[in-house]
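The values are calculated or read from the model by the stated rules, or taken from the named source; none is laboratory data. All values derive from a computational prediction rather than experimental measurement. Cβ placement follows ideal geometry from the backbone for every residue including glycine, while neighbour counts extend to all protein chains displayed.
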Amino acid sequence: MDVRTAILTRRSAKRFLPDPIRRDSIERMLEAAVRAPNHWLTEPWHFYVVMGTGRERVAELRARQMRESGQTDPDRISRHTVEIRTIPALIFVSARRGKSEQETHENRLATAAAIMNMLLVAHEEGLGAIWRTGQFIHYEPLREFLGVPADAEIIGQIYVGLPAEVRDTPRTPWQEKTSWITE
């Protein structure tokens, strides 16, 4: 699959089959991630791949975080935790903070580019993936469980597995989002 086709056909998968996925597919995603552009070659990213029984601990932390943030609907909490327990792989991605606000900003952007590379390779591998953010990635007990150092922040979590369904997402044509400055 060429790059343009991968970009134009990739979609975020929101539902996954519980089937295991190959470790070498994740390794190829990570190999592509570290090739993302990064100013000053800071290589600010770190990847925390959670599979197997590690997902149970993440699910417990998610339930706790939801309850602590005021979520009282047990069905909603259950939906989130069942999802985490059944997704074959969760990849948390952190970015190291820089020596200045500018470097921190650039490190976040570089890490976002690394995540996009991962999503494209997942698509090439026939896997579904979705990049999630939200309050959970800032939850201190999650950071402690993963071993995220104090000088880093989690940029997102990527759910990876065989897609149960993938829906097309309408996008505004690029022409409506582009200005050409010629003079």
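Go through the stretch 39-69 and report how many residues are polar (S, T, N, Q) and at pLDDT below 95. Explain how you work it out, then say what you get.
Residues of the stretch 39-69 that are polar (S, T, N, Q), as a first pass: 42, 53, 65, 69.
The next check asks that each one be at pLDDT below 95; those that pass are none.
Counting residues in the stretch 39-69 that are polar (S, T, N, Q) and at pLDDT below 95 gives 0.
Out of the stretch 121-144, which residues are in a helix (DSSP H, G or I), in contact with a strand residue (DSSP E or B) (Cβ under 9 Å, 6 or more places away or on another chain) and either of a type in the set (Phe, Trp, Tyr) or free of Cβ contacts under 8 Å to residues at least 24 places away in the same chain (or both)?
Answer for the stretch 121-144, where residues must be in a helix (DSSP H, G or I), in contact with a strand residue (DSSP E or B) (Cβ under 9 Å, 6 or more places away or on another chain) and either of a type in the set (Phe, Trp, Tyr) or free of Cβ contacts under 8 Å to residues at least 24 places away in the same chain (or both): Phe136, His138, Arg143.
For a quick check of your reading of the model, give me the residue pairs whose first member lies in the stretch 71-86 and is touching a residue at least 60 places away in the same chain (Cβ under 8 Å), whose second is in a loop (DSSP other than H, G, I, E, B) and not hydroxyl-bearing (Ser, Thr, Tyr), with beta-carbon atoms closer than 7 Å and at least 6 apart or on different chains.
Pairs that qualify, where the first residue is touching a residue at least 60 places away in the same chain (Cβ under 8 Å) and the partner is in a loop (DSSP other than H, G, I, E, B) and not hydroxyl-bearing (Ser, Thr, Tyr), are Thr86/Pro18.
What number of residues in the stretch 26-66 are within 25 Å of Pro163 (Cβ to Cβ), of a type in the set (Ser, Thr, Tyr) and out of contact with any Leu (no Cβ under 6 Å at 6 or more places or on another chain)?
Of the residues in the stretch 26-66, 1 are within 25 Å of Pro163 (Cβ to Cβ), of a type in the set (Ser, Thr, Tyr) and out of contact with any Leu (no Cβ under 6 Å at 6 or more places or on another chain).
Considering only the stretch 57-70, I want to know if a residue exists there that is over 16 Å from Gly134 (Cβ atoms), free of Cβ contacts under 8 Å to residues at least 24 places away in the same chain and small (Gly, Ala, Ser).
no
Output the residues belonging to the stretch 35-54 that are surrounded by 13 or more Cβ atoms within 10 Å (Cβ to Cβ), under 20 Å from Asp151 (Cβ atoms) and aliphatic (A, V, I, L, M).
Ala36
State which residue is surrounded by the fewest Cβ atoms within 10 Å (Cβ to Cβ) when the search covers only the stretch 150-173 and only residues that are in contact with a strand residue (DSSP E or B) (Cβ under 8 Å, 6 or more places away or on another chain) and in a loop (DSSP other than H, G, I, E, B).
Top of the filtered list is Thr169.
Select from the stretch 71-120 the residues that are assigned to a helix (DSSP H, G or I) and among the polar types (S, T, N, Q) and write down the one among them that is farthest from Ile130 (Cα to Cα).
This residue is Gln102.
Exactly one of these conditions fails for Glu176: (1) within 18 Å of Arg11 (Cβ to Cβ); (2) assigned to a helix (DSSP H, G or I); (3) acidic (Asp, Glu). Give me its number.
Among (1) within 18 Å of Arg11 (Cβ to Cβ); (2) assigned to a helix (DSSP H, G or I); (3) acidic (Asp, Glu), Glu176 violates only (1).
Out of the residues in the stretch 8-49 that are aliphatic (A, V, I, L, M) and free of Cβ contacts under 8 Å to residues at least 60 places away in the same chain, which is nearest to His105 (Cα to Cα)?
Restricting to residues being aliphatic (A, V, I, L, M) and free of Cβ contacts under 8 Å to residues at least 60 places away in the same chain, the top hit is Leu41.
Can you tell me which residue within the stretch 97-136, out of those that are among the small types (Gly, Ala, Ser) and within 14 Å of the chain's Cα centre (by Cα), is surrounded by the most Cβ atoms within 10 Å (Cβ to Cβ)?
So, considering only residues that are among the small types (Gly, Ala, Ser) and within 14 Å of the chain's Cα centre (by Cα), the one surrounded by the most Cβ atoms within 10 Å (Cβ to Cβ) is Ala122.
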